[in-house]
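Report on the structure given below.
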2 protein chains.
Amino acid sequence: MGRKPRFTDDDFLDAVLRVTARTGAGAVTVAAVAAEAGAPVGSVYHRFASRDLLLARLWVRTVRRFQQPFLTALADPDPDRGADRAVRAVFAWVREHPDEAAVLLLHRREDLIARWPEELGPESTTLNEAVASALRSYTRARCGRVTPAALERVAFALVDIPYAAIRTHLAAGRTPPASIEGIALTASRAVLGSGSSGG
Amino acid sequence: MGRKPRFTDDDFLDAVLRVTARTGAGAVTVAAVAAEAGAPVGSVYHRFASRDLLLARLWVRTVRRFQQPFLTALADPDPDRGADRAVRAVFAWVREHPDEAAVLLLHRREDLIARWPEELGPESTTLNEAVASALRSYTRARCGRVTPAALERVAFALVDIPYAAIRTHLAAGRTPPASIEGIALTASRAVLGSGSSGG
DNA sequence: TCCATACTAGAATCCTGATTCCAGAAAACG
DNA sequence: CGTTTTCTGGAATCAGGATTCTAGTATGGA
């Protein structure tokens, strides 16, 4: 019972994506999104309570897609290979999804999750936790036990370094060049490999 | 001839800084800045053509202050020591100026410079160039000649890695812990040290 | 002292874009 | 078929804040 929808949630999220890619994050007005989707603004509001929530949902969807191959790679039984594969997975995904990758830079996790406890859906609270827990498992597999220091090292090597490598390029609207991947791997391995140093 | 000013440009920039630190970047309205400085809004507009320009100028001032110790450190005649000192300079500055450090995350160079060719002052166009040129000099001193590959490596080691190390913490409103400094140094040295690897 | 100049004041205005609202329209189901 | 429910359409409203405007006011110099 009830009419069949002409537009789905994802239609609008994809529209936001296209508008963002074409004209930049600043130009994402509700009217522009509606026009891009070929819908009236009312239909946008029928599905998303507010503009902010619309953008937040796109971000959550994107992060989840981004994380998936990373988490899979990291679960490799061999820690060394897992780390390499995880770092490479980041670059591969960004190369294959340049528009979505740009969305990653749009928000900060903390801002969003602080503002919508549950409107974003239960899994979104888990976004942090999914990676955090994977990093803990990885640390345990690699180091035997999970100390804060070891965890910090692992997080920097596997999250912050790859992110830094792509961030600059994405911000400039470029696809990260192949050369940066090797550099990031070098940095990442060095951080994972050394028990100490850097005094 | 003419009345003596009660407020200087820097008074308002400092007010923006305090408002940003206290209530977050989102709450920086012109009215709030004026109130913080104890001035009427008109006085703000007497000195800054627009709100955007006000924020942009704070960013430029902050970046310049941030860069200064970095550039000094990098100019060390010994390349190895220069790199270490430069990385350490970043952490030292952030620890000493937490509020200003948060401002660094507020904009992207490209956005600002694209929008105000000259309103930001001639030196602001040089912001990029100051660091770029220092990195070229450093690359020459270290590697003999300046290839794109070597430059990319140097830039990642000395700019992107330290930035990544502080970014996460600043975004969360924390001062970066001491532990991350050693980790960043490890990563940075590894990238500078290796002629290749990371295949 | 008086003028010229540049600054302070802050209320009033304007703009942009989010949000609301309600009258249809279209399907599912008996 | 009629009923029910959900969706579409888009004009009208609202809100928040940037910006403007017109008086005053303080200071330096003749």
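Read the figures in this text as sums done on the coordinates, not as results from a lab. Bear in mind that the values here come from a model prediction, so they are computed numbers and not experimental data. With ideal geometry, Cβ positions are generated from the backbone for all residues, glycine too; neighbour counts draw on all protein chains shown.
Of the two radii for the protein assembly as shown, the radius of gyration is 0.99 times the Kirkwood radius, both from the alpha carbons; that is the Rg over Rh value. Distance between the 7 Å Cα→Cβ label points at residue A:81 and residue A:179: 3.1 nm.
Along chain A, the longest continuous region that contains none of the trypsin sites (Lys or Arg not before Pro) in a DSSP loop with at most 11 other C-beta atoms within 10 Å is A:7-144. Using a Gaussian network model of chain A whose springs link C-alpha atoms within less than 10 Å, name the residue from A:50, A:137, A:124 with the highest mean-square fluctuation. The residue that fluctuates most here is A:50. Sorted from nearest, the other copies put their residue A:35 label points 3.6 nm away, the label point being 7 Å from Cα in the direction of Cβ.
Relative to the longest principal axis of the C-alpha atoms of chain B, give the angle of the C-alpha long axis of helix B:161-171, reported between 0 and 90° and rounded to the nearest 10°. Result, in degrees: 40.
Using Cα atoms only, what is the angle between the long axis of helix B:178-193 and the major principal axis of chain B, expressed in degrees (0 to 90) to the nearest 10? Helix B:178-193 and the main axis of chain B meet at about 50 degrees. Values of log10 I(q)/I(0) for chain A across q = 0.16 Å⁻¹ run -1.05, by the Debye formula with one identical scatterer at each alpha carbon and no solvent. Of all the options A:99, A:78, A:14, the one that moves most in a Gaussian network model of chain A with Cα springs shorter than 10 angstrom is A:78. On a 0 to 90 degree scale, rounded to 10, what angle separates helix B:79-96 from the longest Cα axis of chain B? Taking the Cα atoms of chain B, the angle to B:79-96 is about 30 degrees. Put in line by how crowded their Cβ is, counting other Cβ atoms within 10 Å and starting with the fewest, A:41, B:131 read A:41, B:131. Each residue of region A:151-160 was assigned a 3J(HN,Hα) from its phi angle through the Karplus expression (A = 6.51, B = -1.76, C = 1.60, θ = phi - 60°), giving 5, 4, 4, 5, 4, 5, 5, 9, 10, 5 Hz with x at Gly and Pro. Relative to the other identical copies, residue A:109 shows label-point distances of 2.8 nm, where the label point lies 7 Å from Cα along the Cβ direction and values run shortest first. Label separation (residue A:64 vs residue B:169): 3.3 nm, computed from points 7 Å beyond Cα along the C-beta direction.
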